[in-house]
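The values are calculated or read from the model by the stated rules, or taken from the named source; none is laboratory data. On a predicted model such as this, the values are computed, not experimentally measured, just so you know. Here the Cβ positions follow ideal geometry from the backbone for every residue, glycine too, while neighbour counts run over all protein chains shown.
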Amino acid sequence: MRCPVVVYLTLWILPLSRSHDSFSPVAIRIGGSSKDRAPLLKSLPADVVPRLVDKAQRLLGSPDLAEDAVQEALVALWRAEPWPQRPSAWLAGAVHLRALHIHRTLRRRAIREANAARERPLVVDGSHPEDCPICTAEEHARMLAALNRLRPKHRNLLVRYYFDSVDYEVLASEQGVSRGTIASRMNRAREALRQTFLS
């Protein structure tokens, strides 16, 4: 039984500095046939990868996702049977399609997460603690009702902070924003709760 030959393919990707002047090779293990495609890849124009990364970054808005899209397209080109007659054009099309796929996947995920946040039930026990020195049972019920009437983004932020005991730093990292942004959002959420409670 013959084992597939592990081929080392050198791909030219942008270094962390994101400078297009210098590129660093990254060795990637790809299980594949023993055909030597390295000369075919070397026949591609030297500026094809930076152009494709720029194109993917314009579509995706992220240099990391753009590099992933280009790298996956290069691997697909490596595995293509038969070798395309116009590899640069084939690669540009593959990068475009992969970037669109990544963009759609991220958009669907954001929609699903927004819907889940909107539908998230309030995970607070509605019963009033007997020894609560702060509010009466009536005020407690009014507060929960006001909380449930808030916009989902305000309600979820308040529930995560006050009921789930999640601090500002964790909320900031979850939402991909700064701590100051979370503080501003919390102030707006508290004000919305106050207005809703008093109405």
TODO: Pairs only if they're at least six apart or on different chains, beta carbon under 7 angstrom, first in the range 23-50 and at positive phi, second at pLDDT below 50 and of a type in the set (S, T, N, Q); list them, first residue then second.
DONE: none
Task: Filtered residues of the range 148-199 (kept if assigned to a helix (DSSP H, G or I), modelled with pLDDT under 85, farther than 20 Å from Glu113 by Cα and not aromatic (Phe, Trp, Tyr)) - done: Leu198
Open item on the list: Every residue in the range 62-92 that is in contact with a His (Cβ under 9 Å, 6 or more places away or on another chain) and surrounded by fewer than 19 Cβ atoms within 10 Å (Cβ to Cβ), please.
Closed with: Leu65
- [ ] Go through (1) modelled with pLDDT of 75 or more; (2) in contact with a Phe, Trp or Tyr (Cβ under 8 Å, 6 or more places away or on another chain) one by one and return the number of the condition Arg29 breaks.
- [x] (1)
- [ ] Please identify the pairs in which a residue from the range 185-196 that is of a type in the set (S, T, N, Q) has its Cβ atom under 6 Å from the Cβ atom of a residue that is part of a helix (DSSP H, G or I) and surrounded by 15 or more Cβ atoms within 10 Å (Cβ to Cβ), counting only partners at least 6 apart or on another chain.
- [x] Thr196/Ala146
Task: Qualifying positions in the range 136-177 - hydroxyl-bearing (Ser, Thr, Tyr) and surrounded by fewer than 13 Cβ atoms within 10 Å (Cβ to Cβ) - done: Thr136, Ser165, Ser173
